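Enquirer: The structure's right below; bear with me while I get my questions together.
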Amino acid sequence: MESGTETFVSKDSKLYQDYDHLYSNIFGTNSIIVMVEGNDVESADIMKSVDRLEHQLESTEGIVGVTSPASIIKEMNYQNTGRSQVPDTDAEIKEIIDGNPATFGTLIPDHTHMVIYLTMAGSSTDNKQKEIITETEEAVKFSDFPPSYNLIVTGDPAYKIEMSEAMSTGMGPLLGLAAVFMVIVLSLVFRHVRWCLLPLPVVLLGIVYTFGAMGFLGIPLSMVSMSAFPVLIGLGIDYAIQFHNRIEEELHKEGNKSKAIISTIKHTGPAVLIALTMTALGFFSLFTSTVPMIQDFGKLLTIGILMCYLAAMFVGVVTVYIFDDFSKNLKSKKGKNEPKPTETNADHVSSGKPKNNLVKHFLEKINNFSIKNNLLILGIATLLCIGGIYADESVGAQTDTTSFAPRDLPALMDLNHMKDITGGTDTLNLIIKVKDNADPEVLEWIDRFSEHETQRQHIESTLSIVPLIKEYNGGTIPETRDEIEAIYNEIPESQKNRYVYGRNMLLLNLNIGNAVSDIETTGIEELTGIIDKDIQWMQVPPGVTVTITGNPVVYIEVLGALTDGRILMTYLGLFLVLGGLLVVYRDWLKALAAIIPMFIVTGWSGLVMKFLGILYTPMTATMGALIIGIGCEYSVLMMERYFEEKDHGADPLQAIHRTSENIGAALLASGSTVIGGFAALTISPFPLIGDFGTVTVIDIVLVLIATFMVFPPFIVLMDTWREKRRGIQASQAKANNVKGADTQ
């Protein structure tokens with residue numbers, strides 16, 4: 001499992017180098033925050049309680065530093081009196097706090113709230129962070145604060161860990177409910193075959209194979225790639241259903257069971273393999289994303305569909321073959337004689353007559369209606385597609401990651417409460433590379449630039465080493481390097497290390513509050529551009545360079561790649577699948593018949609997103625490529641069977657009716673099973689999962705509508721037109737030959 005910066009941006013990119021190496025590894029830390037709230041946090045008794053809690057927390061393995069008002073007061077008191085202890089009177093405490101506003105401004109936002117920062121090692125794993133948070137909560141529980149004071153353990157690590165645990169805990173019941181829905185759907189829609197629930201264990205075996213392949217190839221899991229498994233279940237169960245449906249059909253009519261196996265593999269194997277190949281080409285477009293976790297998502301899907309195909313062909317078919325013998329033996333033991341093989345009833349008729357007359361009748365009605373009103377159906381479908389493509393351009397992306405979790409999640413409520421008290425925590429980080437960090441000219445520039453930027457909208461305050469230096473020098477920046485060096489030696493290391501690294505690097509933080517959620521990606525991008533122009537306008541001293549980085553900058557890159565890149569991924573997927581179909585079939589009609597209905601669905605999907613007001617997230621941003629990949633499988637299977645029926649002498653109308661009759665129920669069973677599985681996700685309390693489930697359910701419904709209402713009239717219309725054209729060309733050629741013979 002990977003969840004670091006490398007899942008969002010490539011390690012080779014400048015963005016990764018600036019943020020991860022230059023900022024996170026030097027200045028960035030994971031901090032747990034303990035917020036103390038009560039009547040008066042500036043009293044001596046409370047500071048002594050904080051001091052005792054701090055000593056207890058410092059002994060916790062994994063915590064590399066604790067910063068609190070109490071520890072800073074002790075350091076300042078030592079400088080003034082030579083005693084490293086918290087003063088005994090409230091007046092002394094208040095005098096130190098009031099005399100150093102820059103130092104205590106972020107730690108004591110008001111008289112009733114105080115913040116304690118527990119710094120963890122940057123290399124701490126999620127499990128280690130969880131242990132530290134648990135120990136912190138235990139220490140807080142047994143601390144000796146007065147009963148009227150409330151202590152809250154919060155911060156981004158606490159929120160992310162609780163959200164991850166809540167998602168993991170909630171996914172179990174959801175997947176269980178999804179399995180129940182899929183069992184019900186298979187029992188209803190796929191009941192015309194024996195052992196109708198067999199596709200479920202077959203596809204789960206394919207998922208196990210996929211996990212093994214991922215481990216073997218070293219492909220990690222991430223927030224996005226985890227969503228591949230529901231997709232794989234949907235695709236894999238279709239493969240299992242297609243093979244299962246065909247071998248049951250062949251066992252019903254063939255005189256020899258071996259011939260049934262051969263016929264199933266001969267006809268269904270290549271058809272499903274072609275569909276799989278086209279699906280893989282649709283997913284291949286995911287590799288073009290600049291977001292590594294989207295690339296891993298594509299790898300996982302590609303490997304997964306191959307594993308599910310192998311499981312369906314080798315395990316599924318063979319299992320039905322073996323179960324058929326068990327079924328005959330069981331009936332023999334019960335005294336039921338098997339009918340003798342004949343040319344008509346074949347070696348095996350135990351499957352009986354199809355039980356899905358209702359489904360076949362329903363599909364037949366849809367077929368007749370769509371073909372009878374072909375121009376109306378195709379016209380409406382095309383207009384809705386064009387409208388959807390236009391509407392999709394105005395669908396935004398969700399930039400606030402806290403919106404992925406339920407609003408009543410305790411950790412999120414605590415985090416929001418802390419932000420309400422301390423203000424937003426979003427920051428832009430300016431890494432300033434210098435020749436000498438004690439150069440007065442550099443510090444003067446930082447001071448002027450900070451003052452200028454705070455006049456900008458959305459920049460609430462700035463943090464750097466300069467206010468501390470001015471505080472130690474009576475409110476001004478010293479004029480000589482030696483004076484600055486002397487002040488550096490006086491400033492406590494815990495404070496200095498936040499903004500100074502070595503002799504050649506300084507940090508300037510621009511606090512932008514809640515700008516990420518308020519002005520979203522576009523606004524942050526514009527704000528970053530303005531700051532960059534300000535840096536060029538207020539020229540830095542010679543030899544100084546400034547790099548803008550930080551979480552918001554990373555989000556701009558990632559969300560831009562997701563929103564802009566999804567359109568490229570969709571159209572690239574379309575062209576790749578179209579090219580693949582042309583290579584396989586060498587026939588424009590077959591290629592267009594398979595791809596156009598699914599292109600129409602991508603337009604419909606944009607209309608749905610706009611109508612429902614659902615924003616794109618890392619999970620829903622891949623839906624275009626998924627529709628192409630999943631939908632092409634349905635249209636390719638329909639087309640394969642259509643031309644198989646034509647090879648047996650059927651005209652276009654007969655061929656499409658026979659296609660719907662023979663595999664329509666299996667495709668409907670597959671799609672309905674996927675819908676049933678994803679329907680469980682729609683009730684998730686997590687909007688990230690719920691929206692993905694909702695969009696997927698609707699899109700699969702749209703794929704089925706396109707398969708049974710758009711594909712039939714389209715292919716019949718195109719094929720009939722081509723046959724007429726070939727007939728006219730043949731007549732003209734014949735007439736020309738006769739005319740030539742007469743002339744001779």
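Let's see how each residue does on (1) in contact with a strand residue (DSSP E or B) (Cβ under 9 Å, 6 or more places away or on another chain); (2) of a type in the set (A, V, I, L, M); (3) modelled with pLDDT of 90 or more; (4) buried (at least 20 other Cβ atoms within 10 Å of the Cβ):
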{"site": "Pro87", "(1), (2), (3), (4)": "no, no, no, yes"}
{"site": "Asp90", "(1), (2), (3), (4)": "no, no, no, no"}
{"site": "Glu95", "(1), (2), (3), (4)": "no, no, no, no"}
{"site": "Pro101", "(1), (2), (3), (4)": "no, no, no, no"}
{"site": "Leu107", "(1), (2), (3), (4)": "yes, yes, no, yes"}
{"site": "Ile116", "(1), (2), (3), (4)": "yes, yes, no, yes"}
{"site": "Ala121", "(1), (2), (3), (4)": "yes, yes, no, no"}
{"site": "Asp144", "(1), (2), (3), (4)": "no, no, no, no"}
{"site": "Pro147", "(1), (2), (3), (4)": "no, no, no, no"}
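Enquirer: Another one. Kindly list the number of the only condition in (1) at pLDDT below 80; (2) exposed (fewer than 15 other Cβ atoms within 10 Å of the Cβ); (3) farther than 25 Å from Phe611 by Cβ that fails for Pro410.
Expert: Here Pro410 meets the rest and fails (1).
Enquirer: Do we have any residue at all in the range 232-241 that's charged (D, E, K, R), surrounded by fewer than 16 Cβ atoms within 10 Å (Cβ to Cβ) and at pLDDT below 85?
Expert: Taking the range 232-241 and keeping what is charged (D, E, K, R), we get 238.
So of that shortlist, the ones also surrounded by fewer than 16 Cβ atoms within 10 Å (Cβ to Cβ) come out as none.
Among the residues of the range 232-241, not one is charged (D, E, K, R), surrounded by fewer than 16 Cβ atoms within 10 Å (Cβ to Cβ) and at pLDDT below 85, which makes the answer no.
Enquirer: Return the residue satisfying two criteria in turn: it lies in the range 42-57 and is within 23 Å of Asp156 (Cβ to Cβ) and among the hydrophobic types (A, V, I, L, M, F, W, C), and of such residues it is surrounded by the fewest Cβ atoms within 10 Å (Cβ to Cβ).
Expert: Filtering the range 42-57 for residues that are within 23 Å of Asp156 (Cβ to Cβ) and among the hydrophobic types (A, V, I, L, M, F, W, C), the one surrounded by the fewest Cβ atoms within 10 Å (Cβ to Cβ) comes out as Leu57.
Enquirer: If Ala650 satisfies all but one of (1) touching a helix residue (DSSP H, G or I) at 6+ places or on another chain (Cβ under 8 Å); (2) assigned to a helix (DSSP H, G or I), what's the number of the condition it fails?
Expert: The failed condition is (2).
Enquirer: Can you find, within the range 123-142, the residue that is farthest from the chain's Cα centre (by Cα) among those that are of a type in the set (Val, Ile, Thr) and either crowded, with 17+ Cβ neighbours inside 10 Å or assigned by TED's automatic domain parsing to the domain that holds Lys470 (or both)?
Expert: Within the range 123-142, the subset of a type in the set (Val, Ile, Thr) is 125, 132-134, 136, 140.
After this cut, where a residue has to be either crowded, with 17+ Cβ neighbours inside 10 Å or assigned by TED's automatic domain parsing to the domain that holds Lys470 (or both) as well, the list is 132-133, 136, 140.
Working: Ile132: 28, Ile133: 27, Thr136: 31, Val140: 35 Å.
The selected residue is Val140.
Enquirer: While we're looking at this one, here's another question. Which condition number in (1) of a type in the set (A, V, I, L, M, F, W, C); (2) under 37 Å from the mean Cα position of the chain (by Cα); (3) part of a helix (DSSP H, G or I) is the one that Leu468 fails?
Expert: Leu468 satisfies all of (1) of a type in the set (A, V, I, L, M, F, W, C); (2) under 37 Å from the mean Cα position of the chain (by Cα); (3) part of a helix (DSSP H, G or I) except (2).
Enquirer: Which condition does Met638 not pass, out of (1) assigned by TED's automatic domain parsing to the domain that holds Met278; (2) crowded, with 22+ Cβ neighbours inside 10 Å; (3) farther than 27 Å from Leu276 by Cα, if it passes all the others?
Expert: All conditions are met except number (3).
Enquirer: Here is a further query. With the checklist (1) buried (at least 18 other Cβ atoms within 10 Å of the Cβ); (2) within 41 Å of the chain's Cα centre (by Cα); (3) under 21 Å from Pro147 (Cβ atoms) in hand, flag the one item Ile32 doesn't pass.
Expert: (3)
Enquirer: Output the qualifying pairs, or none if there are none: Cβ atoms under 6 angstrom, residues six or more apart or on different chains, first residue in the range 361-373 and farther than 13 Å from Ile705 by Cα, second residue of a type outside the set (Val, Ile, Thr) and surrounded by 15 or more Cβ atoms within 10 Å (Cβ to Cβ).
Expert: Ile371/Pro712; Ile371/Pro713
Enquirer: Let me ask you something else. How many residues does the range 366-425 hold that are over 30 Å from Pro157 (Cα atoms) and in a helix (DSSP H, G or I)?
Expert: Residues flagged as over 30 Å from Pro157 (Cα atoms) and in a helix (DSSP H, G or I) within the range 366-425 amount to 26.
Enquirer: If the requirement is being part of a helix (DSSP H, G or I), more than 20 Å from Ile207 (Cα to Cα) and not acidic (Asp, Glu), which of these qualifies: Ile247, Ile303, Ile233? Steps first, please.
Expert: Details: Ile303 fails: more than 20 Å from Ile207 (Cα to Cα); Ile233 fails: more than 20 Å from Ile207 (Cα to Cα).
On inspection, the qualifying residue turns out to be Ile247.
Enquirer: Separate question: Just for the range 560-617: of the residues that are touching a strand residue (DSSP E or B) at 6+ places or on another chain (Cβ under 7 Å) and among the hydrophobic types (A, V, I, L, M, F, W, C), which one is modelled with the highest pLDDT?
Expert: Result: Leu615.
Enquirer: Same structure again: Among the residues of the range 368-398, what is the count of those that are of a type in the set (Phe, Trp, Tyr) and more than 28 Å from Asp719 (Cα to Cα)?
Expert: Keep residues of the range 368-398 that are of a type in the set (Phe, Trp, Tyr), which gives 369, 390.
Right, trim to more than 28 Å from Asp719 (Cα to Cα) and you get 390.
So the answer is 1.
Enquirer: Among what's in the range 441-464 and is modelled with pLDDT of 90 or more and β-branched (Val, Ile, Thr), pick the residue that is surrounded by the fewest Cβ atoms within 10 Å (Cβ to Cβ).
Expert: Selected residue: Val442.
Enquirer: Considering the range 659-707 alone, what residues qualify as being among the acidic types (Asp, Glu) and not in a helix (DSSP H, G or I)?
Expert: If we filter the range 659-707 for residues that are among the acidic types (Asp, Glu), which is where we start, we get 661, 691, 699.
None - no residue of the range 659-707 is among the acidic types (Asp, Glu) and not in a helix (DSSP H, G or I), so the list stays empty.
Enquirer: Can you name every residue in the range 58-73 that is surrounded by 21 or more Cβ atoms within 10 Å (Cβ to Cβ) and touching a residue at least 40 places away in the same chain (Cβ under 8 Å)? Walk me through how you get there before you give the answer.
Expert: Let us first name the residues in the range 58-73 that are surrounded by 21 or more Cβ atoms within 10 Å (Cβ to Cβ), namely 66, 68-71, 73.
Within the range 58-73, Val66, Ser68, Pro69, Ser71 meet the criteria.
Enquirer: Same structure, new question: Exactly one condition in (1) farther than 21 Å from Ser464 by Cα; (2) modelled with pLDDT of 85 or more is not met by Tyr159; state its number.
Expert: Evaluating Tyr159 over (1) farther than 21 Å from Ser464 by Cα; (2) modelled with pLDDT of 85 or more leaves (2) as the failure.
Enquirer: Looking only at residues in the range 364-407 that are acidic (Asp, Glu) and within 22 Å of the chain's Cα centre (by Cα), which one is nearest to Leu107 (Cα to Cα)? Explain how you work it out, then say what you get.
Expert: If we filter the range 364-407 for residues that are acidic (Asp, Glu), which is where we start, we get 364, 392-393, 400.
Checking which are within 22 Å of the chain's Cα centre (by Cα) leaves us with 392-393, 400.
Values: Asp392: 45, Glu393: 44, Asp400: 25 Å.
The residue in question is Asp400.
Enquirer: Are any residues in the range 165-208 surrounded by fewer than 19 Cβ atoms within 10 Å (Cβ to Cβ) and either in contact with a strand residue (DSSP E or B) (Cβ under 7 Å, 6 or more places away or on another chain) or over 23 Å from Leu668 (Cα atoms) (or both), and if so, which ones?
Expert: Listed by number, the residues that qualify are Glu165, Ala166, Ser168, Thr169, Gly170, Met171, Gly172, Pro173, Val208.
Enquirer: Another question, if that's okay. Restricting the search to the range 495-508, which residues are within 24 Å of Glu460 (Cβ to Cβ) and in contact (Cβ under 8 Å) with a residue 12 or more places away in the chain? Show your work before the answer.
Expert: So in the range 495-508, the residues within 24 Å of Glu460 (Cβ to Cβ) come out as 495-500, 506-508.
Listed by number, the residues that qualify are Gln495, Lys496, Arg498, Tyr499, Val500, Leu506, Leu507, Leu508.
Enquirer: Would you point out the residue of the range 188-214, among those that are within 14 Å of Gly677 (Cβ to Cβ) and in a helix (DSSP H, G or I), that is modelled with the lowest pLDDT?
Expert: Only one residue tops the list, namely Val189.
Enquirer: Just give me the residues in the range 446-463 being under 14 Å from Leu507 (Cβ atoms) and either in contact with a Pro (Cβ under 9 Å, 6 or more places away or on another chain) or part of a helix (DSSP H, G or I) (or both), in sequence order. Walk me through how you get there before you give the answer.
Expert: Of the range 446-463, the ones under 14 Å from Leu507 (Cβ atoms) are 446, 449-450, 462-463.
Those that are under 14 Å from Leu507 (Cβ atoms) and either in contact with a Pro (Cβ under 9 Å, 6 or more places away or on another chain) or part of a helix (DSSP H, G or I) (or both): Ile446, Phe449, Ser450.
The values are calculated or read from the model by the stated rules, or taken from the named source; none is laboratory data. Fair warning: this is a prediction, and the values are worked out from it, not measured in the lab. Cβ coordinates were reconstructed from backbone atoms using ideal geometry, including for glycine residues, and neighbour counts include every protein chain displayed.
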